[in-house]
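Read through the structure below, which is laid out as structure tokens, and then see the notes.
Taken together, the values in this text are just the output of simple stated rules run on the coordinates, not laboratory data. Since the structure is predicted, the reported quantities are computational estimates derived from the model, not experimental observations. Counting neighbours? That spans all protein chains shown, and the Cβs are built from the backbone with ideal geometry, glycine included.
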Amino acid sequence: MPKPQKQHCNDHPGEGSSRRSFLNKLWIGLGIVAVIEFIGIVTAFLRPRKTKAKAGDFGTIIEAGPVEKIPLDSVTAFVRGRFYLARLEDGGFLALSRKCTHLGCTVPWVSGEKKFICPCHSSAFDIRGEVISPPAPRALDIYHVFIENNIVKVETGRRIKRTEFRAEHVTYPKKRIDRITG
Amino acid sequence: MPQHEVIPEKLTLFQRIGHSIFPGKLRPVIDRQGYRRFFNTLILHFRPRRVPERTLRFTLTWGLGGMSVVLVSMLFGTGVLLKFVYEPLPGKAYESILYLQRHVLFGQLIRNIHHWSGNGLIIVAFLHFLRVFFTNAFHSPRQFNWIIGLGLFFVVLCSNLTGYLMPRDQLAFWAVTICTGMLEYVPAAGPWLQNLLRGGPEVGPATLSNFYAVHTALLPALLIILMPFHFWRVRKAGGLVIPRTPEEDAEIRGESVETMPNLILREVVVALVLFAFILVFSMLFNAPLESQANPGLSPNPTKAPWYFVGIQEMLMHFHPLFAFLIIPVLIIVALLSLPYIDYQAHTAGVWFTSFKGRRTALIAALAATIATPLGILADEYIIDFAAWMHGVPASISNGLIPFALVLAAIAGFYIMIKRRYSLTNNEAIQAIFVLFLTAFLILTVTGIWFRGAGMRLMWPL
Ligand code: HEM
Ligand code: FES
């Protein structure tokens, strides 16, 4: 079948072939558009599914308890919220993600050594989440902590990445300021 | 074209049914000759009628390509059976595996066969890849089949990785967490890709349905497309590469023999032996299953599946940017361009390229066997660029510098061996390949057996 067509084409080169090449280009162009659309649809289809937020699950605010109930220089695990509430010696609070920044294992707090030690490739972090020993490349991620009516609350919806510990990551209870000013 | 030489009324019911399925000249199939002719034409759809006698030698192929095909078929068979019982939901997956093992007749055996065939396929396909490399079967006209083969190997690896998650036990959950965790280090597209694969920020329900769809539909479909393509290219290349000694002329094809029964019989024997082996192995050894996945508790140590442990071990020594991206990408590019390099000698069909090639391959293997463990030990106990070079970013102190050192060592080895033995580039490239191969195997062995709790080096006992 294609053969006679080809001959026909050879009989009339000129305009016929330029029209043909234009149509060919049009087809190719449309084909490319179709492929891009197809890829777009597939990736949109596969985009992370929204999980319904259950109470106490991701995306919600977790109440960790009244300020004075949390001892100084301690780490408390909140399994539902998947974070640790660390209270530093100076009374400040930090909510640390339990996910190791190396490859994502769950890091336990080893209270004897006062370190988070990752069981997977033995990265270690101090109470502020700062890296003590590699391979972890960054300090542990944190969540926003705020204190309302003397109750410590953690916003677990958004994990905040950071390279290293900085003072502004720590939330202090109002009292401390009161004490200083008053 | 009147083909109905036979009057249907005179046939039995079964013959009439048979006739409706296979109409045409071959009817009636009554004698052994007829059957043979019939099956010959069926099988030979994929095969030439005659094949060069010398390509039948077991020491050319070691039956490895055929064994891969057998394993793939066993995986398809048992995989379909598993699908009837398995439920791809986080709460149900583990229980359905337990149910399969405890309450389904032969359930454990079917799971074992699927597990061991999958792992076996990696080994067998890898050995097949090595035999193709070392018989120089990737030169023209087989260049593109090498590429298809790499594609097949990639699909096999992905199948194993996605299948690894299915039981959703501790082993599965954390190995997949680590493997997908590596993606985070790929610049720019990494986090996006990781999110896409996992279906969210963590390994969760969406990850399981993603992996399930990929494992049971996408990858099998790719295999079904790529495998016939692979075989067709073998046929197009005029059959397998003809094995020869370095002195023999490449042009001599030798005698040809009938494919049926010479080739087919050999293949059936290999297939049956392998089948029996996998069956017995699966009766003796159960596929591992640990306790149900617990996202709050990582086992110590957590390792990637054994075929990725080599990469994980590199991660212990190089910055992730190099261990997970730059080095693997360079190796993949090198493998893809391997058949398209301009070679100085025609070596297709010669095991290890030449007599000199054999010697230099051995030297390369020895060099890597000595250098790799020394390198691992030195990096573990002595070298610490990150501490020596304070203030330099880790991607340079832990990445670029060790990488450049290793690269310089390899380049030095290449120049040294090429001059010393006045090698053709065929032989020199083979030596480098052996260097990488040996180093990779040693890294893998170290990661599997020599890393204990906290991934510290230890002696296996
Ligand atoms: C699922 C994986 C694979 C299957 C099922 C498969 C199957 C086969 C089969 C049945 C043959 C015929 C000869 C033989 O048995 O050795 C063959 C030949 C060949 N394979 Fe594969 N193969 C696979 C993977 C690979 C890989 C990873 C490579 C290399 C990158 C590769 C490259 C080749 C080449 C170049 C030939 C032609 C060899 C020659 O002409 O001597 N294949 N393959
Ligand atoms: S995942 Fe924690 S050290 Fe590797």
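Tabulated results
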item	result
Two-site FRET efficiency, A:Asp73 against B:Leu297, from Cβ-Cβ distance with R₀ of 30 Å, rounded to 0.05	0.75
Net charge dipole size for chain B [Lys, Arg +1 and Asp, Glu -1 on Cβ; Debye, nearest 20]	1340 debye
Percent RCO, i.e. relative contact order, over chain B, from Cα pairs under 8 Å lying at least 6 residues apart	21 percent
In nm, spacing of pseudo-spin labels at B:Val273 and B:Leu13 (7 Å Cα→C-beta vector)	4.5 nm
Axial C-alpha extent at least 24 Å, average Kyte-Doolittle at least 0.5 - helices from chain B (DSSP)	B:64-85, B:107-134, B:143-165, B:219-236, B:259-284, B:355-381, B:401-420, B:425-449
Separation in nanometres of the label points that stand 7 Å from Cα toward Cβ, at B:Phe154 and A:Phe22	4.0 nm
B:Lys92-B:Glu290 pseudo-label distance in nm [points 7 Å out on the Cα-to-Cβ vector]	2.6 nm
For the protein assembly as shown, the fraction of alpha-carbon pairs in successive 20 Å shells from zero, as %	14, 39, 32, 12, 2, 0
Full-extension gain in nm, B:Ala237 to B:Leu330, via 0.36 nm per residue minus C-alpha separation	30.6 nm
